[in-house]
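These notes concern the structure reproduced below.
A short reminder: the numbers here are calculations on the coordinates, not readings from a lab. In this text, all values refer to a predicted model and were calculated from it rather than measured experimentally. We place every Cβ from the backbone using ideal geometry, glycine too, and count neighbours over all the protein chains shown.
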Amino acid sequence: MNCFQHANHTAVAVCGNCGKAMCNDCGMITSAGKMVCSTDCAEATEQFTGMIAHIYKKTQQQNRTNAITFLLIGIILLVYGLYEQLQFGQSPLTLYMLAAGGVLLITGLWYWRLGIKSQKQDT
Ligand SMILES: [Zn+2]
Ligand SMILES: [Zn+2]
């Protein structure tokens, strides 16, 4: 494979944006550490990296919000289900509340772990 600009130069890398093969003279490295063929491609990848980082951060926040919501509803259901069960004895309703509360708690913990995990990847 040869460079897209210099037919007699062997390509050493491909552009991280457009995928063109390029030689040592043509390639440049973006701040994100990607090899690209032109300033246009450098800008494009930088925008793309910024966008990914933005979406990633948003997802992370969303995960934590989800975690707190699920944990809260789960705890309320569990406490309420336990209270009903102690007060009025076991019934399909208390069983349902305890089961649903447990599922919500597990879902909440799962989201919480996702939030923590992605936080660790950041640093
Ligand atoms: Zn390119
Ligand atoms: Zn070249």
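Per-residue Karplus couplings for the range 100-109, computed as 6.51 cos²θ - 1.76 cosθ + 1.60 with θ equal to phi - 60°, are listed in order as 5, x, x, 4, 5, 4, 5, 4, x, 5 Hz, Gly and Pro entered as x.
Dipole size of the chain about its Cα centre, with +1 on Lys/Arg Cβ and -1 on Asp/Glu Cβ: approximately 260 debye, rounded to the nearest 20.
Here's the picture: charge each Lys and Arg Cβ at +1 and each Asp and Glu Cβ at -1 in the range 54-122, and of GLY74, ALA100, HIS54 the one pushed furthest to the positive end of that dipole is HIS54. Subtracting the Cα-Cα distance of GLN5 and LEU86 from 0.36 nm times their residue separation leaves 21.2 nm of extension gain. Taking a ≥ b ≥ c as the square roots of the eigenvalues of the Cα gyration tensor, an a/c ratio of 1.5 or more together with a/b larger than b/c marks the range 54-122 as prolate.
By the gyration tensor of its Cα atoms, with a ≥ b ≥ c the square roots of the eigenvalues, what is the shape of the chain: rounded for a/c under 1.5, prolate for a/b over b/c, or oblate? Walk me through the numbers on the way to the answer.
Numbers: a/c = 6.36, a/b = 4.80, b/c = 1.33.
Verdict is prolate for the chain.
The count of lysine pairs in the chain that are at least 8 places apart or cross chains, and whose C-alpha atoms lie under 29 Å apart, stands at 9.
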